[in-house]
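The structure follows.
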Amino acid sequence: MVDFSQARLSGAPAARFEVDVHDCEITGSIPKSLDGALYRMHLDWLYPPANLDETILAADGYISSFRVKDGRAHYKGRYVQTERYLRQMEAGRQLYGYYRNPYTDDPSVRDVAHPGARTTANTTPVILAGKLYATKEDGLPYEIDPVTLATKGQQSFGAQWDSETFTAHPKVDPLTGQTFAYGYEAQGLCSRDVFVCCFDRDGRITRKWRFQAPHTSMLHDMWLTQEHLVIPGGGTITDLEWLKAGKMHWGWDSTRPSWHAVIPRNGGDEDIRFFFGPERSIVHTANARTERNKIVLEGPAANGNTWPWFKDIRGAPYSAPANTFRRLTLDLDSKDGVAEEVLFDTPITSFTRIDERCLTLPYRYAYVQYADARFDSGGRLGRTDGNCVGRLDLHTSTLTAFFPGPARALHEPVFIPASPTSPEGEGYLLAAGDNLEQATTELYLIEALSMRELARITLPFRSTPQVHGTWASPDTLPLR
Ligand SMILES: [Fe+2]
């Protein structure tokens with residue numbers, strides 16, 4: 001018997017159905033020229049979590065698509081059929097314990113030596129060399145059929161890929177088509193080992209690096225410039241003894257500095273350097289560039305722990321520090337040190353995107369999800385739920401909001417250029433929002449330069465929370 005009553009009270013998302021919606025309900029108008037698919041990864045417990053204080057990050061992976069063509073949209077949603085999903089389906093119950101702690105798993109599936117086998121693949125739809133993957137940083141990705149959303153199997157990238165894990169945030173150089181990716185805890189649970197590599201546009205690994213992190217930390221995202229990769233770490237720490245004692249994978253140590261591993265794209269392992277800064281959460285990045293002897297890193301950052309599930313190791317209460325959009329500068333002529341400047345002091349979440357054609361290059365706009373207190377959300381949202389998506393203009397230091405109406409909790413927006421040669425920012429944002437009063441999910445098509453709504457697609461149900469989304473055009477994935 002499945003009993004979600006307690007898990008629901010603790011906020012565990014569980015829709016637990018797969019779905020096809022042909023010809024979705026649309027208000028407004030989708031330009032006929034818009035042709036592609038929006039893939040989104042969701043958190044959707046197949047069975048209730050084993051522990052009621054479990055993080056939402058441990059929920060089963062679920063992928064959905066809005067196929068947009070000829071002014072219409074068709075929706076599809078499927079579980080990612082991970083090994084974990086299949087084992088649970090076979091057993092008819094939850095078999096897995098705490099987030100990234102295989103010691104707490106049922107003996108029938110416990111495999112401490114291969115923690116990547118228990119990944120939920122729930123974080124980002126990633127396109128690499130013409131294939132679609134469901135990724136999560138604690139394991140290797142699962143390939144997904146871009147039309148049917150059927151799971152095709154776990155990808156190991158051959159003998160060249162030498163890590164148990166694969167990041168959910170690889171970066172693509174728009175000038176060369178190269179993809180840069182990494183895996184951390186690469187040699188097993190809690191290891192300091194980080195594996196980094198470069199794929200060419202055909203998916204062949206052409207360059208590899210390896211380093212030992214100053215301390216094992218959650219390494220969720222990275223920055224890429226034309227000359228460097230920068231991977232930030234910080235206050236999330238772990239300890240194999242904690243895992244053996246049945247605790248969660250991460251705790252927060254406020255005395256740990258943030259650190260930045262700087263990897264020269266044309267250098268070797270011996271050229272990797274570390275720069276240390278104050279206590280920070282740096283979860284997602286926006287854009288970066290190398291300017292002569294300086295590396296300029298931009299994106300959201302927060303002073304302290306932004307993960308409510310990961311407790312302070314000294315028992316300090318959780319304070320939910322806000323992210324603000326910042327510029328961090330690393331001076332390559334100095335031995336150490338990170339200079340920090342707040343570019344926008346409006347509290348935002350860490351979910352930030354740009355026009356990805358501008359990655360590593362000069363850029364003007366960043367797109368964010370945030371709670372804007374100027375809008376009446378109808379009393380249905382929490383303090384940190386995003387009621388808006390916004391466009392940060394780094395040239396004019398202005399924030400332009402898109403507010404879809406009361407009682408909508410928005411997710412991260414995705415930018416789509418109007419055409420491959422359109423100037424930066426000329427195109428569309430797609431952002432999903434959950435309508436809490438009508439228990440539906442809406443997808444907003446927004447003209448990115450004006451931040452005005454062009455169309456609203458309404459699903460006849462509320463989907464489970466989105467993590468990240470990715471837009472694919474027919475020239476990047478085989479779409480039908
Ligand atoms: Fe992420």
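Kindly check whether there is at least one residue in region 4-11 that is of a type in the set (Gly, Ala, Ser), surrounded by fewer than 19 Cβ atoms within 10 Å (Cβ to Cβ) and touching a helix residue (DSSP H, G or I) at 6+ places or on another chain (Cβ under 9 Å). Before the answer, list the steps.
Initial filter on region 4-11 (of a type in the set (Gly, Ala, Ser)): 5, 7, 10-11.
Pick out the ones that are also surrounded by fewer than 19 Cβ atoms within 10 Å (Cβ to Cβ) and you get 5, 10-11.
In the following step, the residues that additionally are touching a helix residue (DSSP H, G or I) at 6+ places or on another chain (Cβ under 9 Å) were identified as 11.
Looking through region 4-11, at least one residue is of a type in the set (Gly, Ala, Ser), surrounded by fewer than 19 Cβ atoms within 10 Å (Cβ to Cβ) and touching a helix residue (DSSP H, G or I) at 6+ places or on another chain (Cβ under 9 Å).
Please name all residue pairs, on different chains or six or more residues apart, with Cβ atoms under 6 Å, provided the first residue is in region 15-40 and is touching a residue at least 12 places away in the same chain (Cβ under 8 Å) and the second residue is of a type in the set (S, T, N, Q).
Ala15/Thr464; Glu25/Thr458; Gly36/Ser473; Ala37/Ser65; Tyr39/Ser65; Tyr39/Thr470; Arg40/Ser64; Arg40/Gln466
Within region 260-341, which strands (runs of 3 or more DSSP E) (wholly inside it) include 2 or more residues that are of a type in the set (D, E, K, R)?
On the way: elements: 273-277, 287-291, 294-301, 323-331.
Qualifying strands (runs of 3 or more DSSP E): 287-291, 294-301, 323-331.
For region 244-269, how many residues are closer than 30 Å to Glu227 by Cβ and either of a type in the set (D, E, K, R) or in contact with a Ser or Thr (Cβ under 9 Å, 6 or more places away or on another chain) (or both)? Before the answer, list the steps.
At the first step, the residues of region 244-269 found to be closer than 30 Å to Glu227 by Cβ are 256-269.
Add one more test, that the residue is either of a type in the set (D, E, K, R) or in contact with a Ser or Thr (Cβ under 9 Å, 6 or more places away or on another chain) (or both), and what stays is 256, 258-259, 265, 269.
Residues flagged as closer than 30 Å to Glu227 by Cβ and either of a type in the set (D, E, K, R) or in contact with a Ser or Thr (Cβ under 9 Å, 6 or more places away or on another chain) (or both) within region 244-269 amount to 5.
Name every residue in region 154-201 that is closer than 14 Å to Gly139 by Cβ, within 16 Å of the ligand (Cβ to nearest atom) and either touching a residue at least 60 places away in the same chain (Cβ under 8 Å) or not in a strand (DSSP E or B) (or both), in order of residue number.
The answer is Thr165, Phe166, Thr167, Ala168.
Name every residue in region 358-373 that is among the charged types (D, E, K, R) and either free of Cβ contacts under 8 Å to residues at least 60 places away in the same chain or surrounded by 18 or more Cβ atoms within 10 Å (Cβ to Cβ) (or both), in order of residue number. Write out each step before concluding.
Pass one, region 358-373, residues among the charged types (D, E, K, R): 364, 372.
Selection gives Asp372 alone.
Right, next: Among the numbered criteria (1) in a loop (DSSP other than H, G, I, E, B); (2) over 21 Å from Ala150 (Cβ atoms), which one does Leu57 miss?
Going through the list (1) in a loop (DSSP other than H, G, I, E, B); (2) over 21 Å from Ala150 (Cβ atoms), Leu57 breaks only (1).
Quickly run through region 90-121 and pick out the residues that are touching a residue at least 60 places away in the same chain (Cβ under 8 Å) and of a type in the set (Val, Ile, Thr).
Correct list: Thr104, Val112, Thr120.
Look through region 429-475, keep the residues that are of a type in the set (S, T, N, Q) and more than 22 Å from Thr352 (Cα to Cα), and return whichever of them is farthest from the ligand (Cβ to nearest atom).
Per the stated criteria, the residue is Gln438.
Being of a type in the set (Gly, Ala, Ser), more than 16 Å from the ligand (Cβ to nearest atom) and in contact with a helix residue (DSSP H, G or I) (Cβ under 9 Å, 6 or more places away or on another chain) is the filter here, so list the residues in region 114-127 that pass it.
Just the residues of region 114-127 that are of a type in the set (Gly, Ala, Ser), to begin with: 116-117, 121.
With the extra rule that they be more than 16 Å from the ligand (Cβ to nearest atom), the set shrinks to 116-117.
Correct list: Ala117 only.
So, in region 74-89, of the ones that are touching a residue at least 60 places away in the same chain (Cβ under 8 Å) and closer than 29 Å to Gly36 by Cα, which residue ends up surrounded by the most Cβ atoms within 10 Å (Cβ to Cβ)?
Val80
What pairs come up if the first residue lies in region 339-356 and is farther than 19 Å from Glu279 by Cα, the second is at pLDDT below 95 and within 15 Å of the ligand (Cβ to nearest atom), and their beta carbons are under 9 Å apart, counting only those six or more places apart or on different chains?
Phe351/Gly386
Could we say that Ala150 is farther than 29 Å from Trp250 by Cβ and aliphatic (A, V, I, L, M) here?
Against the criterion (farther than 29 Å from Trp250 by Cβ and aliphatic (A, V, I, L, M)), Ala150 qualifies.
If you check every pair at least six apart or on different chains, which have Cβ atoms under 7 Å apart with a residue in region 122-143 that is over 17 Å from Leu219 (Cα atoms) and free of Cβ contacts under 8 Å to residues at least 40 places away in the same chain first and a residue that is acidic (Asp, Glu) and away from the ligand (no atom under 11 Å from the Cβ) second?
The qualifying pairs are Tyr133/Glu143.
Would you mind finding the one in Arg357, Arg391 that is in a strand (DSSP E or B), under 19 Å from the mean Cα position of the chain (by Cα) and closer than 27 Å to Val230 by Cβ? Steps first, answer last, please.
Numbers: Arg357 fails: in a strand (DSSP E or B).
Result: Arg391 is the single residue among Arg357, Arg391 that is in a strand (DSSP E or B), under 19 Å from the mean Cα position of the chain (by Cα) and closer than 27 Å to Val230 by Cβ.
Kindly provide the set of residues from region 344-369 that are of a type in the set (Ser, Thr, Tyr), more than 16 Å from the ligand (Cβ to nearest atom) and closer than 17 Å to Val389 by Cβ, ordered by number. Please lay out each step first, then the result.
Residues of region 344-369 that are of a type in the set (Ser, Thr, Tyr), as a first pass: 346, 349-350, 352, 360, 363, 365, 367.
Retained after the next criterion (residues that are more than 16 Å from the ligand (Cβ to nearest atom)): 346, 360, 363, 365.
Across region 344-369, the qualifying residues are Thr346, Tyr365.
Pick from Glu341, Glu279, Glu298, Glu291: which is buried (at least 18 other Cβ atoms within 10 Å of the Cβ), away from the ligand (no atom under 16 Å from the Cβ) and more than 18 Å from the chain's Cα centre (by Cα)? Can you show your working first?
Working: Glu341 fails: buried (at least 18 other Cβ atoms within 10 Å of the Cβ); Glu298 fails: more than 18 Å from the chain's Cα centre (by Cα); Glu291 fails: buried (at least 18 other Cβ atoms within 10 Å of the Cβ).
One residue alone meets the criteria, Glu279.
Among the residues of region 445-465, is any touching a Lys or Arg at 6+ places or on another chain (Cβ under 6 Å) and in a strand (DSSP E or B)?
Taking every residue of region 445-465 in turn, none turns out to be touching a Lys or Arg at 6+ places or on another chain (Cβ under 6 Å) and in a strand (DSSP E or B).
The values are calculated or read from the model by the stated rules, or taken from the named source; none is laboratory data. Note that the structure is predicted; figures quoted are calculated from it, not measured. Ideal geometry is used to build each Cβ from the backbone, glycine not excepted, and the neighbour counts take in all protein chains shown.
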